[in-house]
Amino acid sequence: KDIPGTSSVSPGSSKECAPDRESPAGTGEADYCRRILVRDAKGTIREIVLPKGLDLDRPKRTRTSFTAEQLYRLELEFQRCQYVVGRERTELARQLNLSETQVK
């Protein structure tokens, strides 16, 4: 559907699709379950169809703020070897006081 970049969600405009809804063949709507009505800057109301897995109510994960030292060490390791795995990742995470996922 056509969605201008200046659209905003109208309060109370969200509605859930019926879980057993059958979509017309070839439309691809079976993979979607939530529809939201938006009003663009010109006042035109449009409908957005969203994927099932998109959880709009879940708060976003906060982005990690790395220190200058952490960035320096991570960049050095990346230049040496782009994929740090196993014991090396565990040790680097411990030294930098980061999780292994953050090192990854």
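The values are calculated or read from the model by the stated rules, or taken from the named source; none is laboratory data. Nothing here was measured: the structure is a model prediction, and the numbers come from that model. Areas reflect the complete protein model, heavy atoms only, side chains present, ligands, DNA and RNA absent. Shrake-Rupley method; radii C 1.70, N 1.55, O 1.52, S 1.80 Å.
Out of the residues in the range 52-104 meeting the condition of being assigned to a loop (DSSP other than H, G, I, E, B) and among the acidic types (Asp, Glu), tell me which one is nearest to CYS33 (Cα to Cα). Across the range 52-104, the extreme among qualifying residues is ASP55.
Table: residues versus (1) open to solvent by 90 Å² or more (accessible area, probe 1.4 Å); (2) modelled with pLDDT of 80 or more.
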| position | (1), (2) |
| --- | --- |
| SER7 | no, no |
| THR27 | no, no |
| GLY43 | no, yes |
| ALA68 | no, yes |
| GLU77 | no, yes |
| GLY86 | no, yes |
| ARG89 | no, yes |
| LEU92 | no, yes |
| THR101 | yes, yes |
